[in-house]
2 protein chains.
Amino acid sequence: MVEFIHTATLLHDDVVDESSLRRGRDTANAVFGNPASVLVGDFLYSRAFQIMVGVGSMRVMQVLADATNVIAEGEVLQLMNCRNADIEVDAYLRVIRYKTAKLFEAAGRLGAILGEAGPEIEEAMAAYGMHIGTAFQLIDDVLDYSGQEAETGKHLGDDLAEGKPTLPLIHVIQHGNPQQAALVRGAIENASSDSFAEVLAAVRSSGALDVARRHGVAEAEMAKAALAPLPDSKFRETLLQLADFAVQRSF
Amino acid sequence: MVEFIHTATLLHDDVVDESSLRRGRDTANAVFGNPASVLVGDFLYSRAFQIMVGVGSMRVMQVLADATNVIAEGEVLQLMNCRNADIEVDAYLRVIRYKTAKLFEAAGRLGAILGEAGPEIEEAMAAYGMHIGTAFQLIDDVLDYSGQEAETGKHLGDDLAEGKPTLPLIHVIQHGNPQQAALVRGAIENASSDSFAEVLAAVRSSGALDVARRHGVAEAEMAKAALAPLPDSKFRETLLQLADFAVQRSF
């Protein structure tokens with residue numbers, strides 16, 4: 001269910017962002033066009049809800065209906081924040097909690113619900129999902145300025161071309177020198193990656209990537225801490241490793 | 001719930017069809033762009049499922065999850081049939097059963113389920129919805145060739161510009177004279193409304209609109225017949241009138 005919802009959001013996301021590359025492959029909208037991507041996304045959304053009906057749990061339905069709605073709200077928020085160079089870190093974090101972390105949170109919560117693990121474990125797994133999802137997105141946004149295209153499988157600079165104010169850029173605007181701040185502000189407000197090389201230099205020399213990466217690591221640590229109520233097991237061990245992997249990855 | 005799902009499909013449909021006019025107003029995609037239309041559609045879909053959770057009935061959930069999935073399948077089928085001048089009437093009818101009539105069917109069925117009317121009335125209401133939905137779409141397709149823009153609130157010829165093989169066109173291809181058939185076939189295969197005036201003349205002189213309209217009226221009659229098991233009431237009376245209205249409307 002979660003994978004279908006996730007894939008549906010990606011299909012729609014690539015239409016919204018006009019992305020042409022994902023996971024090193026042409027996107028569905030690039031190959032089949034926007035109409036097919038929109039409609040097949042709708043098909044997967046509704047198929048996910050059909051699978052939920054098969055599960056027969058109203059709690060499962062509630063968690064995923066809520067998550068799906070929050071994700072859409074997060075995507076709309078992100079759209080409204082495009083070209084906004086004055087966004088605060090808190091508002092940026094809210095967007096990524098909604099658009100990305102909410103589905104991780106739902107996935108964690110559902111595992112606990114379906115495993116009948118009780119409310120304490122359920123809240124622990126939900127918190128784990130929320131923090132690891134936030135960490136994942138923070139690093140994703142860093143990789144748009146630090147990654148190698150061959151590794152990330154995405155076009156670098158795509159975020160900038162959409163005027164998407166992610167944490168590395170917000171940091172330059174708030175803490176870079178006046179020239180750096182003006183450069184990044186201009187790129188966001190014009191939604192242009194023409195000056196990508198200069199923006200990249202400003203992002204790197206201002207220490208913005210380290211700040212964003214440290215923020216991601218802190219979220220990963222919170223994810224790991226959230227697992228405290230879980231009994232020792234190889235599954236718990238894997239979840240701990242997953243949190244580290246989310247912030248150490250280069251792809 | 002049904003209205004939210006319906007609105008979500010319209011938002012996505014107008015993106016898919018690149019429509020700029022609906023109900024006499026600029027479409028959301030024309031005013032706010034495709035991204036907002038896609039995302040707000042997703043928001044409404046998921047909000048509809050949240051409302052269903054509030055209703056707390058797994059049957060309601062199942063009916064609407066199934067309907068939403070079939071609608072998406074119908075839209076994909078329609079997309080695959082664009083520019084296909086060889087589509088058979090049966091395949092065309094399947095598309096409109098899926099993309100349009102299914103939601104009417106679900107709406108009828110849900111009224112019976114929520115009113116605890118029992119299986120016989122539920123099937124009657126579902127059949128009523130399916131037939132009136134089919135009638136509605138048949139007439140909608142006729143209005144794209146017979147209506148007045150000021151009344152329909154849509155751009156005439158939009159179907160033709162998408163290469164959408166609706167019943168009036170299928171009739172000309174299968175039963176018009178060779179010149180008419182070749183003209184319509186060419187317009188569908190090129191997805192062009194350049195020859196809209198000539199296509200319109202061929203549609204009108206071939207009797208295609210009457211054939212399609214009669215088909216719509218027959219569906220409306222089946223809708224009315226399906227109401228036989230319902231006890232007399234002003235509500236039943238209104239449903240009967242609604243079936244007539246669906247095929248007599250000019251907008």
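The values are calculated or read from the model by the stated rules, or taken from the named source; none is laboratory data. All of these numbers come straight from a predicted model, not from anything done at the bench. Cβ placement follows ideal geometry from the backbone for every residue including glycine, while neighbour counts extend to all protein chains displayed. Please note that ligands, DNA and RNA were not included when accessible areas were found on the heavy atoms of the full protein model with its side chains. Shrake-Rupley method; radii C 1.70, N 1.55, O 1.52, S 1.80 Å.
Tabulated values for the structure
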| item | result |
| --- | --- |
| Estimated buried accessible area (total), pair A and B, 1.4 Å, Å² to nearest 100 | 2700 Å² |
| Residue-averaged beta-carbon neighbours from other chains (10 angstrom radius) around A:73-84 | 3 |
| For A:LEU21, distant residues with modelled amide H under 5 Å away | A:THR27, A:HIS155 |
| Enclosed volume per residue, in Å³, of the convex hull spanned by Cα atoms of the stretch B:57-248 | 110 Å³ |
| Inter-chain Cβ neighbour average for residues A:14-23, partner chain, 10 Å | 2 |
| Trypsin sites (Lys or Arg not before Pro) within the stretch B:1-106, DSSP loop, no more than 12 other Cβ atoms inside 10 Å | B:ARG23 |
| The stretch A:68-182 - convex hull of the alpha-carbon atoms, volume per residue in Å³ | 115 Å³ |
| Global size of the stretch A:1-99 as Cα Rg and Dmax, reported in angstrom | 15.0, 46 |
| Reciprocal mean inverse distance between Cα atoms of the stretch A:1-56 - Kirkwood radius, Å | 11.4 Å |
| Where chain A is the region considered: accessible area per residue in Å², 1.4 Å probe | 43 Å² |
| Backbone HN-Hα couplings from phi across the stretch B:139-146 [Karplus 6.51/-1.76/1.60, Hz, Gly and Pro as x] | 5, 4, 5, 5, 5, 5, 10, 10 |
| Selected from B:PRO229, B:LEU143, A:GLY108, residue furthest toward positive end of dipole (the protein assembly as shown; charges at beta carbon) | B:PRO229 |
| Options A:ALA36, A:GLN180, A:VAL63, ranked by Cα towards positive dipole end of chain A, top entry (Cβ charges) | A:VAL63 |
| Distance between modelled label sites at A:ASP26 and A:SER205, nm, 7 Å Cα→Cβ extension | 4.0 nm |
| Amide N of the stretch A:157-197 lying under 15 Å from the label point, which is placed 7 angstrom from the Cα of A:ALA218 along Cα→Cβ | A:167-168, A:171 |
| Linear extension gain, B:GLU123 paired with B:HIS6, 0.36 nm per residue minus alpha-carbon span | 40.0 nm |
| Packing rank of A:148-158, A:10-20, where each peptide gets the mean count of other beta carbons within 10 Å, highest leading | A:10-20, A:148-158 |
| Where the Cα pairs of the stretch B:116-194 fall when distances are cut into 5 Å bins, in % | 3, 14, 17, 18, 14, 10, 7, 7, 5, 3, 1, 0 |
| In sequence order, calculated HN-Hα J values of the stretch A:207-223 (Karplus, 6.51, -1.76, 1.60; Hz; x Gly/Pro) | x, 4, 5, 5, 4, 5, 5, 4, 4, x, 4, 4, 5, 5, 5, 5, 4 |
| Dipole in debye (nearest 20) - the stretch A:58-248, about Cα centre, beta carbon charges: Lys, Arg +1; Asp, Glu -1 | 100 debye |
| Between the stretch B:112-181 and the stretch A:7-60, the alpha-carbon center distance in angstrom | 28 Å |
| Solvent-accessible area, 1.4 Å probe, carbon plus sulfur percent, for chain B | 54 percent |
| Peptide ranges B:104-111, A:174-181 listed from the most packed, as the mean C-beta count within 10 angstrom indicates | B:104-111, A:174-181 |
| Magnitude of the charge dipole, the stretch A:1-56, Cβ model with Lys/Arg +1 and Asp/Glu -1, debye to 20 | 200 debye |
| Within the protein assembly as shown: Cβ-based charge dipole about Cα centre, in debye rounded to nearest 20 (Lys, Arg +1; Asp, Glu -1) | 420 debye |
| Lysine-lysine proximity count for chain A, Cα under 27 Å, sequence distance 8 or more or distinct chains | 9 |
| FRET efficiency, 1/(1 + (r/R0)^6) with R0 41 Å, evaluated for B:GLU116 and A:PHE235 via beta carbons | 0.40 |
| Average beta carbon contacts from partner chains per residue of A:25-35, 10 Å cutoff | 2 |
| Convex hull of Cα atoms in the protein assembly as shown, direction-averaged projection (nm²) | 26.2 nm² |
